[in-house]
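Peer 1: Please read through the structure below; I'll follow up with questions.
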Amino acid sequence: MSEKFIMESLKTPVRFEVDTVVCGGGTAGVTAALASARGGAKTLLIERYGFVGGTMLNGAGPIHSFFNLYKAFPGAKEQQVVKGIAQEIIDRMMKMGASPGHLEMSRGGNYDSRITLIDWETYKDLALRMLEEAGVTILLHTMVTSAIKEGNRVTGVVIEGKSGREAILAHTVIDTTGDGDVAAFAGAEYIKKHDTTSVGYPFGMMNVDMPRLLNYLEENDMVTQLVRADKGSARDDVVRLGFELKKHPAFTDFMNKYGMWGPLGFSLHEFNYTYINSCNIRHVDATDTLILSNAEITLRHQANELASMLRKHIPGFENAYLYWTPVSAGVRYTRCIVCEHDMTIDEIVNCARFEDELMLYGFHDSAPRIMIKNAGWYGIPYRAFIPKGLDGILVAGRMITSEFPAHMSTRNTGSCLAQGQAVGAAAAIAAKEKKSVREIDVQKVRSLLKEQGVWLDDEKA
């Protein structure tokens, strides 16, 4: 890092004054903005790309998970845990013919009992329509560059977009950036966690003969996950497919070099292997511009090389070609913001419940090695979204848990959808009562969430 600096004196115009500003229009940001606006708060959403949806469209693949892990526990009851706005999204996608809904796993059910698939391009449009319907002001192609504070209270953000540098003042700021950018700008305490995990780079291939591919994988005992469903094809019903590619000697050294796995993937249309998740680089600090740039270059090389190897060695890929890559690398962990409560793996696997919980969740990404006991679910308390030492700001998404095994549950898309709705509802109550996020009655937030369709399993709380 250079020791040279420039000095600036800036006069920044205030472009918007709102009740809630949501920074980051990703998985959690969309539901946060919707919950806030539907709760009566004047809401603005900021997103750096030209669409909303974030990792749910750009790297996560199937949405994990709306349900508990009931298939791993014989005789256990199936329970949909995540509902509310998240389920409304799926309902509307299904009506549009853009989602087959919640599909039960026929193989790999001890990892996730049901997976949920959506057509990404349709969701990009639907999410924007839902935000418009709720009256949310949307700023695309916009970056948050600093936080505005009065004492320890965050009162807004500074943005940079095509209009230049501008300020937004807000009663409540919600940080759903994934990296905790706004909280860090505001001086929140955080822990860097990138050395515990990796960044990924899924891709899609067109003209893949999915039945031929599955037959080859079955013959060679390589299949790890499988779901079949009607996707409008007379010969192809392979929707979810995971397999152990390292069993093929042509791939072993290449994959081990980078710590690649799987792949895991899904296919929504005939001849289209929509999502292939395998490319990977360990220990990337995605908050460093140069490091992230170099990682993404390497990942793009990886994707093209792996696609070429699949064409050469794996039946079903002979005539396939690479047609989709994400807009950015899939980042799992960077900053963890120190909040008033930090979920532990013991709380998660032992189904901890809290009086101030605002959501429930029942999936763990390390299953079956780590599973939530007895097909259960756990709560996340309101305190887990409040950064220590700050007021006027809430955080949600993959930056809320510092213990890596706990993070492997809370960072997943189903959890982030629910987290977003939780903090958005809290911001709406804060605006309505003209109180800070630390002063509001959490039971009023819970009541609003239930009005918005969230399941809180009250009889066990």
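The values are calculated or read from the model by the stated rules, or taken from the named source; none is laboratory data. Worth saying up front: this structure is predicted, and the values here are computed from it rather than measured. Every residue, glycine among them, receives a Cβ derived from its backbone with ideal geometry; neighbour counts consider all protein chains shown. Keep in mind that these areas ignore ligands, DNA and RNA; they rest on the heavy atoms of the full protein, side chains included. Shrake-Rupley method; radii C 1.70, N 1.55, O 1.52, S 1.80 Å.
Peer 1: What base-10 log of the normalised intensity I(q)/I(0) is obtained for the chain from the Debye formula, alpha carbons as equal point scatterers, at q = 0.10, 0.11, 0.12 Å⁻¹?
Peer 2: Once normalised to I(0) and log-transformed, intensities are -0.71, -0.85, -1.02.
Peer 1: Could you tell me what a quarter of the Cα convex hull surface of region 52-136 works out to, in nm² with one decimal place?
Peer 2: Here the figure is 6.0 nm², rounded to one decimal.
Peer 1: Using 28 Å as the Cα-Cα cut-off, could you pick out the over-long pairs in K193/K444; K83/K373; K257/K388?
Peer 2: On the way: K193/K444 34 Å; K83/K373 21 Å; K257/K388 40 Å.
Checking Cα-Cα distances, K193/K444; K257/K388 exceed 28 Å.
Peer 1: Whenever you get a sec, compute what percent of the accessible area on the chain sits on carbon and sulfur atoms (1.4 Å probe).
Peer 2: Carbon plus sulfur share of accessible area: 48 percent.
Peer 1: Moving on to the next point. Please list, or write none, the lysines whose alpha carbon is within less than 20 Å of the alpha carbon of K11, excluding same-chain residues fewer than 8 places away.
Peer 2: K149, K162
Peer 1: Helix-only mean residue ellipticity at 222 nm, the chain, DSSP H runs n ≥ 4 weighted -39,500 (n - 2.57), per residue, nearest 500. What is it?
Peer 2: After summing the helix terms and dividing by residue count, I get -9000 deg cm²/dmol.
Peer 1: Residues of the chain: accessible area per residue at 1.4 Å, in Å²?
Peer 2: Numbers: 18460 Å² over 461 residues.
About 40 Å² of surface per residue is accessible.
Peer 1: What order, most packed first, do the peptides 173-184, 247-258, 115-126 have when packing is the mean number of other Cβ atoms within 10 Å of each residue?
Peer 2: The packing order, highest mean first, is 173-184, 115-126, 247-258.
Peer 1: Relative contact order, percent, of the chain when contacts are C-alpha pairs under 8 Å separated by at least 6 residues? Write down the numbers at each step before the final one.
Peer 2: Values: 1120 pairs, mean separation 105.9, N = 461.
Worked out over the chain, it gives 23 percent.
Peer 1: Can you give the net charge of the other residues whose Cβ lies under 12 Å from the Cβ of D181, counting K and R as +1 and D and E as -1?
Peer 2: Numbers: positive: R48, R335; negative: D175, D179.
For residues surrounding D181, the net value is 0.
Peer 1: Continuing with this model, one more query. Over the chain, what is the percentage of antiparallel beta bridges among all DSSP beta bridges, to the nearest 5?
Peer 2: Details: 51 of 70 bridges.
Of those bridges, close to 75 percent are antiparallel.
Peer 1: How large is ³J(HN,Hα) for each residue in region 395-408, as worked out from phi by the Karplus curve 6.51 cos²θ - 1.76 cosθ + 1.60 (θ = phi - 60°), to whole Hz, x for Gly and Pro?
Peer 2: 10, 8, x, 6, 9, 9, 10, 8, 7, 4, x, 5, 4, 5
Peer 1: Based on alpha-carbon centroids, what's the gap between region 203-279 and region 22-37 in Å, whole number please?
Peer 2: Going from one Cα centre to the other spans 33 Å.
Peer 1: Oh, and also: With charges set only on the Cβ (+1 for Lys and Arg, -1 for Asp and Glu), what does the dipole of region 162-251 come to about its Cα centre, in debye to the nearest 20?
Peer 2: Its charge dipole is roughly 160 debye.
Peer 1: Kindly sort D457, D441 by accessible area of their heavy atoms, largest first, with the probe set to 1.4 Å. Mind showing how you got there, number by number?
Peer 2: Values: D457 5, D441 70 Å².
I get D441, D457, largest accessible area first.
Peer 1: If the cut-off is a Cα-Cα distance under 16 Å, which aspartates and glutamates reach K71, setting aside same-chain residues fewer than 8 apart in sequence?
Peer 2: Here the aspartates and glutamates satisfying the reach criterion relative to K71 are E104, D112, D365.
Peer 1: Right, next: Assign unit charges at the C-beta atoms only (+1 for Lys and Arg, -1 for Asp and Glu), then state the dipole size of the chain relative to its Cα centre in Debye, rounded to the nearest 20.
Peer 2: For this selection, approximately 140 debye.
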